Amino acid sequence: MRRRWWGAAALTAATVAGTLAVQGMTASPSERAADDGKPHPVRSTTRAAELTVAADGTSARLGRRDTAHFSLLGLTWSDPSARVSAKIEARARDAKTGTWSNWLTLDATNEPGDQGATRGGTEPAWFGPSDGVEVRVDGKASARLPKGLRLDMVDPGTSSVSAVRPAAFAMDATESPTATPTDSPTPVTATPSASAGETPSPTPSTTTPTPTAGSASATPTATTSAPASAVPRPPITSRAGWGADESISPEAPAYLPGGKVKAVTVHHTVNSNDYTCDEAPALIRGIYTYHVKSQGWKDIGYNFLVDKCGTIYEGRKGGVDRPVLGAHTYGFNSQTAGVSVLGTYTDTAPSTAAMTSVARLAAWKLGQYGVDPDGTTTLTAGADGTNYAGKSWTLGTQLTYPTIIGHRDAYNTECPGTAFYAELPTIRSWAAGPVTGLALKSVTGSGTVGATAYTTASVTLNWSITSPAAFVSTYEVLVDGKVAATAAGTAGSAKVSLGAGSHQVAVRAVHQSGRTTTSATATVVAETTAPTFSTKPNLALRTGTVSTTAVPLTLKWKATDSSALREVRLTAPATATYGPTTTSTLQSAKPGTATTWSLKAYDQAGNTATASVSDTPVILQETSATRSGTWTAKSSYSYLGGKSYTSKTKNASLSWTFTGRSAAWVVSRAATSGQAYVYVDGTKVATVDLKSTTTMYRNAIWTKTWSSSARHTVKIVVVATSGRPTVTTDGLVYLK
């Protein structure tokens with residue numbers, strides 16, 4: 001049946017007249033524990049109201065009315081074997097806001113509970129603290145309703161209701177007394193009790209004590225089997241932890257006739273998903289009280305419950321590590337354990353936290369008996385039955401099921417909800433292993449080229465998984481196929497040291513079951529050889545604008561590495577970073593000042609090498625040159641030193657002699673500028689044309705660099721180009 005839930009504020013509040021008396025409210029576990037810091041049983045209050053049945057027996061009503069505070073309700077009837085096909089709906093009034101909820105359909109599962117149950121009933125529905133109620137039952141014209149229709153309401157003693165509550169009104173009320181703890185349990189023989197419709201098996205020779213009032217569970221004194229599991233036990237909140245009042249279910253627990261859990265059945269409680277996780281203990285107390293006091297079961301039906309935050313709670317008493325006989329899956333209780341998630345999961349799957357806890361719990365419980373959570377098992381039907389898919393069987397039929405099954409697989413119910421049922425393969429996968437989605441995301445602490453990483457000695461592997469981390473027992477870092485390091489199951493990275501050479505690294509996830517998954521491998525090269533400067537850093541003057549503060553030059557180098565060069569960094573007199581294929585950079589230096597240029601090469605592994613070069617740019621004014629022919633001095637702030645020489649005379653010349661390794665001739669240029677010959681050490685090396693469409697001053701127009709420093713003479717000669725004979729020189733720059 002499709003279920004929908006609405007918030008309490010969906011309808012406008014309605015006021016119903018009535019006289020209310022008040023009494024003190026039952027405390028919550030946390031409040032009751034304040035005296036000694038220990039959990040105590042919490043007293044629940046149950047109340048019932050008979051429904052008015054129509055004359056034809058096919059419909060019934062409980063008119064809107066005020067009530068004492070309650071949080072959970074269900075409709076019950078006298079004959080536990082009666083089947084109800086009517087539509088049953090209820091709504092409640094929020095005790096805090098006074099608003100009425102929308103109508104909520106109660107699921108009449110028609111599934112027997114414990115053998116000896118006194119009443120049949122719907123699934124209980126959680127409304128939260130409420131003080132008003134209305135119920136309607138509409139059946140088919142030909143189908144009479146069962147006798148004794150009664151609305152049962154439970155106040156589980158939550159701390160979220162008011163400190164006062166109505167006590168006297170026109171409904172029957174019964175309260176269970178607070179249990180009184182005893183110190184010495186009394187040993188009794190445990191007799192397995194078959195679920196309704198199941199034939200009891202012979203009584204095993206096991207002994208258990210009568211549960212101590214307020215205790216977490218009965219602890220067998222001798223032979224009730226509690227085998228160790230192959231996987232770790234998840235944290236489980238005891239019955240005492242959710243405030244179970246053991247006095248209302250004093251009967252000793254029963255155990256599976258075969259002493260072995262063959263499958264885990266997954267349920268949902270068909271309650272609103274709007275509960276807070278702090279309310280979960282109260283919700284469980286409400287279900288417990290409804291099962292026991294309203295329907296006459298010996299205990300809560302489920303072996304375990306899980307809230308949407310992933311907290312696991314002990315359900316039926318008898319020991320969480322024992323094969324306790326529950327009342328959750330008709331016809332198969334004697335072979336299975338039942339876990340139910342609080343909420344309704346028809347359209348929305350439970351939270352990841354809840355599903356993780358279900359998978360952990362199932363893996364642990366099945367692991368006690370060597371059952372594969374992703375395997376199959378054969379169950380023998382303890383009663384005639386039909387499941388949600390329409391498959392039918394008779395008593396004694398052997399049926400093959402997954403070892404983690406949905407309630408609907410074994411009974412005609414939508415439980416655990418369509419959306420939740422679709423997630424069961426995921427839960428089986430998580431529980432059984434191996435870890436899924438393991439991926440090596442990166443290798444850090446080194447450089448990477450393509451698919452190869454480099455390091456001097458160690459790297460950090462970073463990975464991710466799609467399985468919840470709770471199922472990982474450990475991670476192993478593999479180097480060349482061997483375990484080199486381990487990390488906790490909650491880790492996402494690990495560091496590993498490597499010897500020199502090329503290695504294949506990977507990470508292996510070990511599931512709590514022992515099954516493993518290994519990531520793809522990555523290549524890591526470990527090496528400690530530093531890069532080299534195969535061409536030492538050197539400087540050369542370049543063309544460009546020269547000033548009294550900056551001379552343009554080029555810094556050159558070449559760095560290599562035995563494995564993979566990553567970068568070269570300029571560290572002085574400025575800072576910059578260059579890629580592995582870059583071998584030069586355009587810079588400038590202050591004339592007359594010695595400057596050291598420092599470089600540092602890095603390879604992909606992190607090894608480094610340094611090198612440097614020092615030079616001093618020197619400006620030789622035109623006045624220092626040796627002249628021949630006619631030259632005229634010109635003055636302007638645009639010239640170096642404020643002056644320059646200009647000539648139109650053919651073969652007029654200027655020459656400078658210096659000791660250095662690079663030289664640049666500096667000129668002024670315009671559209672009327674002419675040409676000049678350049679001689680180096682007496683040999684003509686170039687014809688330079690000074691013509692420019694824009695006027696340019698202090699322009700280094702010609703450069704020459706040698707492999708080493710030496711004495712050189714540079715001479716410029718005026719060509720006297722026709723129509724534009726003028727040559728204006730502003731001096732010579734060289735690197736000293």
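Points to keep in mind about this one:
- Residue-level analysis places Val16 among those that are open to solvent by less than 60 Å² (accessible area, probe 1.4 Å) and either at pLDDT 95 or above or not aromatic (Phe, Trp, Tyr) (or both).
- Some residue of segment 664-680 being surrounded by fewer than 15 Cβ atoms within 10 Å (Cβ to Cβ), of a type in the set (Gly, Ala, Ser) and in contact with a strand residue (DSSP E or B) (Cβ under 8 Å, 6 or more places away or on another chain): no
- Entry remark, segment 282-323: residues being open to solvent by 10 Å² or more (accessible area, probe 1.4 Å), within 27 Å of Pro232 (Cβ to Cβ) and either free of Cβ contacts under 8 Å to residues at least 24 places away in the same chain or among the aliphatic types (A, V, I, L, M) (or both) number 1 in total.
- Residue selected from segment 105-141 under the condition charged (D, E, K, R) and closer than 11 Å to Val84 by Cα, by the criterion most open to solvent (accessible area, probe 1.4 Å): Lys140
- Exactly one residue out of Thr683, Thr657, Thr728 is over 22 Å from Pro617 (Cβ atoms) and modelled with pLDDT of 95 or more: that is Thr683.
- Residue list for segment 408-433, restricted to those being open to solvent by less than 50 Å² (accessible area, probe 1.4 Å), of a type outside the set (Val, Ile, Thr) and not in a helix (DSSP H, G or I): Tyr411, Glu414, Cys415, Pro416, Gly417, Gly433
- Matching option when the condition is in contact with a His (Cβ under 7 Å, 6 or more places away or on another chain) and either part of a loop (DSSP other than H, G, I, E, B) or modelled with pLDDT under 95 (or both), among Gly214, Gly259, Gly197: Gly214
- For the condition in a strand (DSSP E or B) and closer than 22 Å to Ala431 by Cβ, Ser473 qualifies.
- For Thr182: the one exception among (1) in a strand (DSSP E or B); (2) modelled with pLDDT under 80: (1)
- When Gly544 is tested against the conditions (1) surrounded by 15 or more Cβ atoms within 10 Å (Cβ to Cβ); (2) small (Gly, Ala, Ser); (3) out of contact with any Pro (no Cβ under 8 Å at 6 or more places or on another chain); (4) at pLDDT 95 or above, the lone failure is (3).
- For Ala280, the criteria (1) closer than 19 Å to Val42 by Cα; (2) not in a helix (DSSP H, G or I) hold in every case but one, which is (2).
- Residues satisfying the stated conditions in segment 539-554, i.e. polar (S, T, N, Q), part of a loop (DSSP other than H, G, I, E, B) and free of Cβ contacts under 8 Å to residues at least 60 places away in the same chain: Thr549
- Filter pass, Asn110 being over 30 Å from Gly326 (Cβ atoms), at pLDDT below 95 and part of a loop (DSSP other than H, G, I, E, B): no
- For segment 366-390, taking the residues that are out of contact with any helix residue (DSSP H, G or I) (no Cβ under 9 Å at 6 or more places or on another chain) and under 26 Å from Asp107 (Cβ atoms), the one that is surrounded by the most Cβ atoms within 10 Å (Cβ to Cβ) is identified as Ala383.
- Restricting segment 551-566 to residues that are touching a strand residue (DSSP E or B) at 6+ places or on another chain (Cβ under 7 Å) and open to solvent by 30 Å² or more (accessible area, probe 1.4 Å), the residue that is nearest to Gly501 (Cα to Cα): Ser563
- Complete set of residues in segment 104-118 that are under 37 Å from the mean Cα position of the chain (by Cα) and of a type in the set (A, V, I, L, M, F, W, C): Leu104, Leu106
- Within segment 478-492, residues that are under 13 Å from Val507 (Cβ atoms) sit with their Cβ atoms under 6 Å from residues that are of a type in the set (S, T, N, Q), at 6+ positions apart or across chains, in these pairs: Thr486/Thr474; Gly489/Ser473; Gly489/Thr474.
- Top-ranked residue of segment 511-521 - restricted to ones that are part of a strand (DSSP E or B) and either among the acidic types (Asp, Glu) or open to solvent by 20 Å² or more (accessible area, probe 1.4 Å) (or both), ranked as farthest from Met696 (Cα to Cα): Thr516
A quick yes/no check of all residues on (1) more than 24 Å from Thr466 (Cβ to Cβ); (2) of a type in the set (A, V, I, L, M, F, W, C):
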position	(1), (2)
Cys309	no, yes
Glu314	yes, no
Ala327	yes, yes
Ala349	no, yes
Leu366	no, yes
Tyr369	yes, no
Pro373	no, no
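- Tally, over segment 683-715, of residues that are open to solvent by less than 70 Å² (accessible area, probe 1.4 Å) and not in a strand (DSSP E or B): 2
- The numbered conditions (1) over 26 Å from the mean Cα position of the chain (by Cα); (2) not in a strand (DSSP E or B) are all true for Thr448 except (2).
- Listed conditions (1) small (Gly, Ala, Ser); (2) more than 21 Å from Gly259 (Cβ to Cβ); (3) open to solvent by less than 10 Å² (accessible area, probe 1.4 Å); (4) outside any helix (DSSP H, G or I) are all met by Ala359, apart from (4).
- Residue among Ser638, Ser644 that alone is part of a strand (DSSP E or B) and farther than 30 Å from Val459 by Cβ: Ser644
- The set of residues in segment 435-473 that are open to solvent by 50 Å² or more (accessible area, probe 1.4 Å) and either at pLDDT below 95 or of a type outside the set (S, T, N, Q) (or both) comprises Lys441, Thr444, Gly445, Thr448, Val449, Gly450, Ala451, Thr456.
The values are calculated or read from the model by the stated rules, or taken from the named source; none is laboratory data. Given the structure is predicted, the values throughout are model-derived calculations rather than measurements. Don't worry about glycine lacking a Cβ; one is built from the backbone with ideal geometry, like all the others, and counts go over all protein chains shown. These accessible areas exclude ligands, DNA and RNA; they are computed on the full protein's heavy atoms, side chains included. Shrake-Rupley method; radii C 1.70, N 1.55, O 1.52, S 1.80 Å.
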